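Asks: This structure is in structure tokens; I'll ask about it shortly.
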Amino acid sequence: MSEFVINTKNLTRDYGENRALDNVNLEIEKGRVVALLGPNGAGKTTFLRLLMGLIEPTEGESFILRSPSRNMAESVVSKIGYMGDTDEPPRWSTIRDLMKLQAAVSGDFDRDFFMRSVEKRELSVKRSYGSLSKGQKKWIRAGLVLAGKPAVLLLDEPAEGLDPSARQDLYDELRDYVTDKEATAIVATHIISDIERIADDAAVIDHGRLITYAELEDLREQVREIQMSEMEKVIDFPNEIEILGGKSSGGTKLLWVRCREQERQKLEKLLGQKATIRTVSLETFYLALTEHNSNKRDAELKEIKK
Amino acid sequence: MKIRISLLKILFRQTLPATLIALPVGCFYVLLTKQVLSWRNPWMALFVLVHSIAIAVMSGRYRSKTFAFLYTRGFTRDELWCNKMLNTTFSVLTVWLPVALIIWLPIRSAVQDKLFVSPYFPIMMMREASVPWVWLGGYAILLPLFHYVWIRRAQPLRGGSGVILLAISVVIVIGILMLFRRHPLWFRFLIYVLSTVMIAASLIAGRILHRNLEVQ
Amino acid sequence: MYLHLDYQSGEAIYRQIVEQIKYKIASGELKPTEQLPSIRELAKMLKINPRTVVKAYEELQSGGLVVRRQGQGVFIRDGQAAVPVQTRNKLLQEMARRMLAEASRLGASEEQVKDVFDNVMKQMRSGK
């Protein structure tokens, strides 16, 4: 446990009858950028709030730097950079006020870094927060968080509302920061194309459950798309091959599978000329995982495999 | 536990509307009232009550975006609590001190003498000197209690100490009402002790509850 | 050293790095004994985790294309026959397999693939 910066045990949270997060177990090592993926309402925000200790878990527990989320040590709280989706500075506070506030908490606040990021958007520190555009607000808040030099970053849709080039800037800054400081970050988003460049791992949450947690490099190596004619009868897949999803349209079947290299070679022999196996972008993989809920997916797969 | 000027500034700004309204209302009332003020004056009691509620409500909008922001900067909960209490003190003093000074300096009796030709003005200073302290006592009892109540309101699932606090406060209120009739010194003393216990209990209970507060 | 990473392809990033460096060595853009960027430099340049760069450099090292000198960095290996025969055959097989699979997906016959292959080889031999 000690080597993990973040870990959770059976983390669960109910809102009334609704289970927002269901039994999540996750261990994150130092120096990683984890993309927390999932459709809106999947439980990403609940997960981050629980980690930050803002809300009480219904069951289970979570730790950041070995300190329990709901009773965090002073030395740990000030090392977390958090950017949620509901928290916002008061409208009347100026950028300078916010800088001073953050500098009061974070021991060695990087003023130069913050000023550079303010100037990058051609803003003045005298501007009030309320007068900024949605994208500028996000930018300022992200700048505050990074300038505070946190060891752990918990970011909920940090790039939402930014234009594409600012989004890239933001994620590039984040990557540089994590590489330089050996920090650890969880970034919740539902847009995979933004984050996949800079993230190391993907944690996919759907309906409150953690359905995948893997290194992106492993996924790139292991996930494949199989395309074959609808007429083709498919042999039983070996058990080691995990079937993620499938789709059937216009006379062709598409199957997404995840397997190791040796199994893929077996699979290639098994399918021979009847099908093509090719690499798949993470976006396709993610859609295959979340597009259908699990029951529907199983039913469809049976249909396709028949 | 540190005093954070930048945090206090934001907290003070949150309660500023209450301060800005209470300050002129309090000052003008004290300047213009013709009768001799006693601590039984119902209008000033109401003033203290409403002002206290306003401060508690304005500094306790725990579901607002600003709170979520302040609570995720890296301050500990206790740190936030202490600064909140400190801001409460400042906000009260900002109103109370000018009002008290008007009585003490004595601006009030001068104004009453010159402007309203009040026959009471020679005795005003003497009779009213202790009255601001009673008001301050009112704030001291009410604010910790209201803060506590407001935190509980944001956190309906937790804590059972509310019943005890409520019981003590009922006893105090009854006690204060009974003070209207002249009672022996020991009874007064008992009420003072009870009030102190009550203030301490609300502050401690509030602080503990505040640690577990759910921020939306 | 410029590397282009394609995130749409689905190919593992470390593999893309390995292949591009191999290509640069083959094409002469990277000369023997030339120093490669440090792990940290390359990671920051490509905006990726340093561990991915480590993985790529290790792969290149085990393939005999680069050498790591303690405290100095990673260098392109001196000498042409750096790649052991076994490794080379394995790599060639893998490339051929990938090409054939893709060709059959495009509907090309084995003969057509051979023809194209021969033509390309002739072109390259005749210089460009």
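Asks: Pop the C-beta distance of B:Arg188 and B:Leu16 into the FRET formula with R0 = 45 Å and round what comes out to the nearest 0.05.
Replies: Once rounded, the FRET efficiency stands at 0.75.
Asks: Taking Cα atoms, how many degrees apart are the long axis of helix B:185-211 and the longest axis of chain B, rounded to 10 and kept between 0 and 90?
Replies: The two axes meet at around 30 degrees.
Asks: Let me ask another. For the pair C:Leu5/C:Tyr23, report the inter-label distance in nm, with labels modelled 7 Å from Cα in the Cβ direction.
Replies: 1.6
Asks: Each label point is 7 Å from the Cα along the Cα-to-Cβ direction; what then is the distance between the points at A:Glu160 and B:Val171, in nm?
Replies: In this crude spin-label approximation the distance works out to 5.0 nm.
Asks: On C-alpha positions alone, give me the angle between the axis of helix B:131-154 and the longest principal axis of chain B, in degrees, nearest 10.
Replies: Tilt relative to chain B: about 20 degrees.
Asks: Could I ask something else about it? Tell me, in nm to one decimal, what length is gained between B:Phe90 and B:Val25 on full extension, where the rule is 0.36 nm per residue of separation less the Cα-Cα distance?
Replies: Using 0.36 nm per residue and subtracting the Cα-Cα distance, I get 21.6 nm.
Asks: Projected onto the charge dipole of segment A:4-207 (+1 at Lys/Arg Cβ, -1 at Asp/Glu Cβ, origin at the Cα centre), which of A:Ile95, A:Phe47, A:Ala202 gives the Cα projection farthest towards the positive end?
Replies: So the residue we want is A:Ile95.
Asks: Which distance in nm do the two modelled labels at A:Val125 and A:Glu29 give, with both placed 7 Å along the Cα-to-Cβ direction?
Replies: The answer from the label model is 4.0 nm.
Asks: Below 19 Å, Cα to Cα, which lysines can B:Lys34 reach? Residues fewer than 8 away in the same chain don't count.
Replies: B:Lys114
Asks: Sticking with this structure for a sec: Per DSSP H run of at least 4 residues, take -39500 (n - 2.57); add these up for chain B, divide by its residues and hand me the 222 nm value, nearest 500 deg cm²/dmol.
Replies: Helix contribution divided over all residues of chain B: -25500 deg cm²/dmol.
Asks: Can you tell me the 0 to 90 degree angle between the C-alpha axis of helix A:164-181 and the longest principal axis of chain A, rounded to 10?
Replies: For A:164-181 against chain A, the angle is about 80 degrees.
Asks: Just list whichever of A:Lys149/B:Lys65; A:Lys120/B:Lys65; A:Lys181/C:Lys47; B:Lys2/B:Lys84 have alpha carbons separated by over 20 Å in the model shown.
Replies: Where the Cα-Cα span goes over 20 Å, the pairs concerned are A:Lys149/B:Lys65; A:Lys120/B:Lys65.
Asks: Something else about it: Report relative contact order for chain B in percent, whole number only (criteria: Cα-Cα under 8 Å, sequence separation at least 6).
Replies: Reported relative contact order: 31 percent.
Asks: Here's something else I'd like to know. List the relative contact order of segment A:1-142 as a percent without decimals, with contacts defined as Cα pairs under 8 Å and 6+ residues apart.
Replies: 20 percent.
Read the figures in this text as sums done on the coordinates, not as results from a lab. Keep in mind the model is a prediction, meaning the values are calculated, not measured. Using ideal geometry, Cβ is built from the backbone for each residue, glycine included, and neighbour counts are taken over all protein chains shown.
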